[in-house]
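Engineer: I have a structure here, written as structure tokens, and I will follow up with some questions on it.
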Amino acid sequence: MRIKVLISLICLSMFLIHAFMVLLSFAIETEVKDVATYLDRGVDYDRKLQFDQAIENYTRAIEIDPGLIEAYNRRAAMYIRKDQYDKAFADFNKALEIDPMNAITYHNRGLAYSHKGLYDQAISDFNKAIAIAPTYGVSYWMKAQTCEKAGYILDAIKTYKELVRHVSSLTFPLIDAADQRIKFLEEKIMDNSK
């Protein structure tokens with residue numbers, strides 16, 4: 001009798017597991033109407049380097065919530081990875097239209113400008129990001145790096161010094177790297193003046 005009960009319980013358990021798996025697969029395939037789910041899916045596809053699928057999910061999130069700046073920023077990042085800068089700039093501009101005080105968007109658009117070799121526009125966006133979030137060290141760093149690429153060595157040194165002065169000691173590796181760049185660039189200027 002005990003064996004029959006045990007076999008019945010095992011069969012019932014297997015049935016329940018199978019039913020759960022069917023429901024789970026149905027839920028995954030069912031149309032999702034949740035913005036957070038689309039954002040999460042986009043991030044997952046980005047990690048897998050499946051940029052078209054990531055763009056599709058961020059687009060769905062934007063369709064549900066057209067004011068969602070994070071989705072515009074993330075989709076723009078995917079466009080940059082596909083070298084579709086015009087679409088990326090359109091998304092950054094839309095995000096800034098929604099919130100003109102979003103430092104992250106200015107920072108990200110600055111990165112895109114820098115990648116395109118549009119250094120003056122990049123520096124301008126990094127300046128805006130710094131004005132909005134003066135303790136965000138990465139914007140100082142990227143502005144200084146862009147100044148170096150553009151040949152504005154004195155501006156780069158000044159920006160590295162601002163980073164050291166304004167950014168929290170919690171970002172010590174960034175401060176240490178900025179100190180090293182200052183020394184390197186100042187030595188380079190000294191060598192060139194000889």
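Engineer: Restricting the search to the range 36-90, which residues are of a type in the set (Gly, Ala, Ser) and within 23 Å of Gly110 (Cα to Cα)?
Structural biologist: Scanning the range 36-90 gives Gly42, Ala54, Gly67, Ala71, Ala76, Ala77, Ala88, Ala90.
Engineer: So which residues in the range 79-89 are touching a residue at least 12 places away in the same chain (Cβ under 8 Å) and not charged (D, E, K, R)?
Structural biologist: Tyr79, Ile80, Tyr85, Ala88, Phe89
Engineer: Which number in (1) out of contact with any Lys or Arg (no Cβ under 8 Å at 6 or more places or on another chain); (2) surrounded by fewer than 16 Cβ atoms within 10 Å (Cβ to Cβ) marks the one condition that Val43 misses?
Structural biologist: Only one criterion in (1) out of contact with any Lys or Arg (no Cβ under 8 Å at 6 or more places or on another chain); (2) surrounded by fewer than 16 Cβ atoms within 10 Å (Cβ to Cβ) is unmet by Val43, namely (1).
Engineer: Grab the helices (runs of 4 or more DSSP H) fully contained in the range 104-194, keeping just those with 3 or more residues being buried (at least 21 other Cβ atoms within 10 Å of the Cβ), out of contact with any Leu (no Cβ under 8 Å at 6 or more places or on another chain) and modelled with pLDDT of 95 or more.
Structural biologist: So the answer is 119-132, 137-150.
Engineer: Going by what's in this entry, would Ile123 be described as of a type outside the set (D, E, K, R) and under 26 Å from Tyr152 (Cα atoms)? Please lay out each step first, then the result.
Structural biologist: Values: of a type outside the set (D, E, K, R): yes; under 26 Å from Tyr152 (Cα atoms): yes.
Yes, satisfied.
Engineer: Scan the range 68-78 and give yes if some residue there is more than 27 Å from Lys33 (Cβ to Cβ) and touching a residue at least 12 places away in the same chain (Cβ under 8 Å), otherwise no. Full working, then the answer.
Structural biologist: Taking the range 68-78 first, the residues more than 27 Å from Lys33 (Cβ to Cβ) are none.
No, the range 68-78 contains no residue that is more than 27 Å from Lys33 (Cβ to Cβ) and touching a residue at least 12 places away in the same chain (Cβ under 8 Å).
Engineer: Hey, can you tell me all the residues within the range 86-103 that are surrounded by fewer than 17 Cβ atoms within 10 Å (Cβ to Cβ) and part of a helix (DSSP H, G or I)?
Structural biologist: Matches in the range 86-103: Asp86, Lys87, Ala90, Asn93, Glu97, Ile98.
The values are calculated or read from the model by the stated rules, or taken from the named source; none is laboratory data. Remember, it's a predicted structure, so these values are computed and weren't measured experimentally. With ideal geometry, Cβ positions are generated from the backbone for all residues, glycine too; neighbour counts draw on all protein chains shown.
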